[in-house]
Amino acid sequence: MDGTLLNSMAVVERVWGAWAVRNGVDREILMKSVHGVRAADVIRTLGLAVDAEHEARELAAAEIADVEGIVEIPGAVAFLNSLPPEKWAIVTSAPLELAVRRLAAAGVPTPRLMVTGEDVSAGKPDPQGYLLAAGRLGVSAEDCLVFEDAPAGILAGRAAGAEVAVITGAHVAAADTPHITLAHYTDVEARLGEDGRLALHRLNR
């Protein structure tokens, strides 16, 4: 969601940047590790003498209250609206309330199915979220295309057995990748085949 359908970098930098200052953490190093990972998991890796779950809740509350500057990745809304609603899902490390708030702020449609960081016992790069979403969609993960923007998410998608497309328009966290890369969605479309399978195609312009 963040970095793949919408750009929330302005909020992330404000909220996480302030948190880093309060906790004596190098802001630049921290910003390289927050993408695509549950907040509590990020905090645990820092080895601070804090309650990671409590801090994550406080960060989520601050992010829910601050949606200034959140925008869709160009073409994302039109792309999603072109998909059959039963054939796509969002898998995000964000808690549900934050995910819904950001989608609304960016004008991105809420899917029928969303798997959040609260739905899994292990967050990305563990594939649990993508496997859960595939199962609820009634398909094999190997038949899915995962759109990701960060190393943790790419690893999760690949570990689930899915193909991965990397969105690079919001930040450069996963700039060096062997996977297909897209800056946005304005030059691609999804086509439904006679077999009922969706395929991603680049547009010739």
Checklist entry - What share of Cα pairs, in percent, lie more than 19 angstrom apart in the stretch 76-161? => result 36
Item to check | Inter-probe distance in nm under a simple model that places probes 7 Å from Cα toward Cβ, at Asn81 and Val21 | outcome: 4.0
Checklist entry - Measuring with a 1.4 Å probe in the full set of protein chains, what accessible area per residue, in whole Å², belongs to the chain? => result 50
Item to check | Point-charge dipole on Cβ atoms (K/R +1, D/E -1) for the stretch 14-85, about Cα centre, debye to 20 | outcome: 140
Next on the checklist: For the stretch 1-116, take the convex hull of the Cα atoms, compute a quarter of its surface area, and give me that in nm², please.
Outcome noted: 6.9
Checklist entry - Once phi is turned into θ = phi - 60°, what whole-Hz ³J(HN,Hα) does the Karplus curve with 6.51, -1.76 and 1.60 give for every residue of the stretch 33-50, x standing for Gly and Pro? => result 10, 8, 6, x, 10, 4, 4, 4, 5, 4, 5, 4, 5, 7, x, 7, 7, 9
Next on the checklist: At 1.4 Å probe size, with the rest of the protein present, what percent of the exposed accessible area of the stretch 1-137 is carbon and sulfur atoms?
Outcome noted: 53
Checklist outcome for this item: Relative to the compact-globule estimate 2.2 N^0.38 Å (N residues), the Cα gyration radius of the stretch 112-205 stands at a ratio of 1.12
Checklist entry - So, with +1 on the Cβ of K and R and -1 on the Cβ of D and E, and no other charges, what is the size of the charge dipole of the chain about its Cα centre, to the nearest 20 debye? => result 200
Checklist outcome for this item: For the chain, the Debye formula with one identical point scatterer on each Cα and no solvent gives log10 I(q)/I(0) at q = 0.13, 0.18 Å⁻¹ as -0.69, -1.35
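The values are calculated or read from the model by the stated rules, or taken from the named source; none is laboratory data. None of the values given here were measured: they were computed from a predicted structure. Positions of Cβ are generated from backbone atoms using ideal geometry, with glycine treated the same way; all protein chains shown enter the neighbour counts. Just so you know, the surface numbers come from the protein's heavy atoms only, side chains and all, with ligands and any DNA or RNA stripped out. Shrake-Rupley method; radii C 1.70, N 1.55, O 1.52, S 1.80 Å.
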